1. Quantify, in whole percent, the carbon and sulfur part of the accessible surface of the chain (1.4 Å probe; protein heavy atoms only).
2. Just to verify a number: FRET efficiency for Lys104 and Ile73, C-beta to C-beta distance, R0 = 22 Å, to 0.05?
3. Which part of segment 106-129 falls in the paramagnetic zone of Lys58, meaning amide N under 11 Å from the point 7 Å along Cα-to-beta-carbon?
4. Under a cut-off of 24 Å between alpha-carbon atoms, report the lysines in cross-link reach of Lys60, not counting same-chain residues fewer than 8 places apart.
5. Taking 4 °C and 1.567 mPa s as the conditions, I'd like the Stokes-Einstein D for the chain in µm²/s, using the Kirkwood hydrodynamic radius from alpha carbon pairs.
6. Can you pull a Stokes-Einstein diffusion coefficient for segment 1-79 at 4 °C (1.567 mPa s), Rh from Kirkwood over Cα pairs, as a whole number of µm²/s?
7. How high is the FRET efficiency from Ile81 to Lys132, r the C-beta distance, R0 41 Å, rounded to 0.05?
8. Which FRET efficiency value, to the nearest 0.05, do you get for Arg20 and Ser115 by plugging their Cβ-Cβ distance into 1/(1 + (r/R0)^6) with R0 = 45 Å?
Amino acid sequence: MEVLPKLIVFDLDLTLWPFRTDHCQRPFKLVSFGRIKDNDGNEYELYPEVLDILSELKKKNYTLAIASRIEDISTAYLLLIYFNISDFFKFKEIYPGSKIIHFKWLNLKSHIPYSQMIFFDDDKRNIHTVAKLGVHSYHLKDNKGISLENVRQIFNYNIIN
């Protein structure tokens, strides 16, 4: 990407965390910082480098957003709070439906053109859909989520030290 983005957008499931939100069973219990347990005893946490990535991007004054097609909206918001990452995101578009709608709202709310947005998602279908708008879209393969290496490769220099 030649021009620095003004808005960096992340999906949630299999992008920031290694599970599907709709499979979690509330209520949650905090096990330790960054780790929670659901009502069925399953433990959940973010991908290992997520906090570092979000902290560094925020420190460098990037505007961050979420675009996620999750059915269980309230659980997604609750997880953002439990994982202590909700405040990193200025915009949150979390509801079922097309990513096109998510990005149209992000564009309207932020006044940032699609060409100055970057999007990370594990789902190829979403990547292709959003790319048609002119958003720089990057597929995170193999359910490994976002990593410092992903971010560095995309920007062709150390956006994150």
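1. Here carbon and sulfur together make up 49 percent of the probe-accessible area.
2. The computed FRET efficiency comes out at 0.75.
3. none
4. Partners within reach: Lys6, Lys90, Lys92, Lys109.
5. Roughly 82 µm²/s, to the nearest whole number.
6. Details: Rh = 13.9 Å.
The estimated diffusion coefficient comes to 93 µm²/s.
7. 0.80
8. Numbers: r = 31 Å, r/R0 = 0.69.
Once the sixth-power term is evaluated, E becomes 0.90.
The values are calculated or read from the model by the stated rules, or taken from the named source; none is laboratory data. Model, not experiment: these values are computed from the prediction. All Cβ positions, even for glycine, are placed from backbone atoms using ideal geometry, and neighbour counts span all protein chains on display. We work out accessible area using only protein heavy atoms, side chains counted, and drop any ligands, DNA or RNA first. Shrake-Rupley method; radii C 1.70, N 1.55, O 1.52, S 1.80 Å.
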